[in-house]
Amino acid sequence: MTDPTNSRDGLSAREIAKSLTSSYRELTPAAMILGIIQGVVLNLSFVYASLKLGFSIGGSTVAAIMGYALLRGVMKKGTTIENNINQTIASGINTAGTGVVFTFPALFLLNAKWAAEGKPTLEFEALPFLIAGVAGAVLGVMVIIPLRKQMVDLDRLRFPSGVATAAILKSGSAGVAKAKLLALGFAISALVKLFLASGVLNGVWLAGDAGEPLLALHDGDMLDFNLGIIPLFLAPAVSVSLMNIAAGLLAGKGGLPFFFGGALAWWVISPIAFQSGWVPSVDATQPHALESVLYGSMYGNMLRPLGIGVLIGGALMGVLMTFPAIKSAFKSLATAAKTSKSGEGGSDEMPLQVLGAGVVIAVILFFAAAKMTPGVSVGQAVLASLIGTVWLGLAALIVAQATGMTDISPMSGMALISVTLMMFLLDKNVLASMVVGVAVCVAIGQGADMMQDLKTGFMIGGKPIKQSMAQFAATWMGPIITMGAIYLFWQAGEGGKGGFGPGTELPAPQAGALMGIVEGLSTGNIPLDKYAFGAVLGAVLGVAPMAGLGVLMGLAMYLPFYITLGYGVGCFIQMGLAKWKGPAFYESKLVPFAAGLIVGEALTGMGYTAFQIFFGAGGGGH
């Protein structure tokens, strides 16, 4: 039998292991500071991307690549698990902002629409929504941490994004090469964005014999082609945005349903609707402003409400289809509670007492946010905080389980259901319902992101308690940064029109869909036929083998097709390159380069907007 004290300097094997573990860099000031800096940058980048594309892109990949370059390449002393802390913080701040950008802008769009129609607008302050966002960020992490051991250690759910991030963290010297590709993509995208935003290329590029435009670039990155030949109800335009194409490069084959949703809307439903006289008559062969059709009769009266219906149907069916995940989540929660009571969690797990205290604090914040909202009584605030917290926890469990199985996070669908539910419970109080929607959407994103990060840590030997502490320390920053960015973009609009929404470079499709539902519920003016048909279509798509298909296609139908088409171009390029060069090329070369393209354009677009507001003549440039 081996004597555990028979070791150097009279230390036991356990003491030596503890000494080695404590000296190995993990939760360090360098990792924390770098994670916060990257989190702020990614948050701002993906606010822009979410307003434009309608969905967010995880920041863990970018944070892990840059963390390797800075911690290992510059500081010469970073470790893999220290870099994991960096990407955990960065992705947490970024994801917390995503929940806000999908919901809060709906209020701006609703007020702008009602003001244009001469209706009374909503008077709201940012503070209640800010508190709700912070409460959601805390609750999302609190709810999900007790499930870590069951979902990650025992159930061994896939969490594909977490596995991919772990592969990057373990890539060794390849991290420097990836960082160079990311920087190259950033530089190219930033330069192209500045060139396009300057308006130098705007105008007619090619004209026909009669002088009609055949090819023209306008609004920064929208390229119209064959305007005098192809009927306008087929949406003959494509976005030349490198960020848009890069999002398709990252998605590849998995992004095709999104492209097909747009194609279904504009290449199938649109011509049928036009020929059948379901929309006001338009001379679709005459050259005129593309917006007159895209954001007029076809988009506003047909495809937009139809897309909202598909979103609702897909979201509801998604909840029903995730019933096994719900059952499994509750089983995991029960097992986690037993494990905690028996003391099997170990010192590497966050104590349930701490988590319980955090939940209480978050619920109090939730109540305060609801009570501060105009027109909300104490009873309604209690109802909103209690029911909202229960639904928030259930939604976070569902999404975390679904993310672990499929990597699909139905965040937007859950937000739509949340706001609709609260509109009924709170007597159609729009502001109070949106407060709950913000909290729920932030919490859902945080739960899924935290579990992905914990999966990454599990694969590389990180300590769960340190990851949890890092997430708690910084995630609250996300909603604050995002709300500031939203106000900045809205201020960039001209002529009383905000800087995002339908008809702008940043259509904000998620917020627009939510705005349509809120307006319909509050005024009773709901296009039931289109909502109902769309809901049936979304429900049918929701039972498809691919998780989230109904929500994806509904969102694509809602988006302007020039964005969806540009995304599809990126998908097909990735598929061709993967077939030609192989999957290794995609992982090592294409992913970091595409990530750089996204961050480069997003940050440049945001910087250009801020410059126009503070130094330009009237703002308005993206």
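Points worth noting:
- Close pairs (9 angstrom Cβ cut-off, 6 or more residues apart or separate chains): at positive phi and in contact (Cβ under 8 Å) with a residue 12 or more places away in the chain in the range 368-387, small (Gly, Ala, Ser) and surrounded by 18 or more Cβ atoms within 10 Å (Cβ to Cβ) anywhere: Gly375/Ala432
- Count of the range 582-614 residues, restricted to those that are crowded, with 20+ Cβ neighbours inside 10 Å and either free of Cβ contacts under 8 Å to residues at least 24 places away in the same chain or more than 19 Å from Gly498 (Cβ to Cβ) (or both), is 13.
- Here is the figure for the range 420-460: residues that are more than 30 Å from Ala64 (Cα to Cα) and part of a helix (DSSP H, G or I) total 14.
- Scanning the range 544-568 for residues that are hydrophobic (A, V, I, L, M, F, W, C) and over 21 Å from the mean Cα position of the chain (by Cα) returns a single hit, Ala544.
- Every residue from the range 461-518 that is in a loop (DSSP other than H, G, I, E, B) and within 17 Å of the chain's Cα centre (by Cα): Thr475, Trp476, Phe500, Gly501, Leu506, Pro507, Ala508
- Boolean, Ala64 is more than 29 Å from Ala183 (Cβ to Cβ), among the hydrophobic types (A, V, I, L, M, F, W, C) and touching a helix residue (DSSP H, G or I) at 6+ places or on another chain (Cβ under 7 Å): no
- Residue match in the range 90-113 (condition: buried (at least 24 other Cβ atoms within 10 Å of the Cβ), free of Cβ contacts under 8 Å to residues at least 60 places away in the same chain and part of a helix (DSSP H, G or I)): yes
- Extreme residue, nearest to Met606 (Cα to Cα), among residues of the range 474-492 that are buried (at least 24 other Cβ atoms within 10 Å of the Cβ) and hydroxyl-bearing (Ser, Thr, Tyr): Thr482
- Residue within the range 473-493 that is free of Cβ contacts under 8 Å to residues at least 12 places away in the same chain and closer than 22 Å to Pro128 by Cα present: yes
- Count - residues of the range 505-522 that are under 16 Å from Phe489 (Cα atoms) and of a type in the set (D, E, K, R): 1
- Verdict on Met606 being at pLDDT below 85 and within 18 Å of Leu256 (Cβ to Cβ): no
The values are calculated or read from the model by the stated rules, or taken from the named source; none is laboratory data. Because the structure is a prediction, the values reported are computed rather than measured. Every residue, glycine among them, receives a Cβ derived from its backbone with ideal geometry; neighbour counts consider all protein chains shown.
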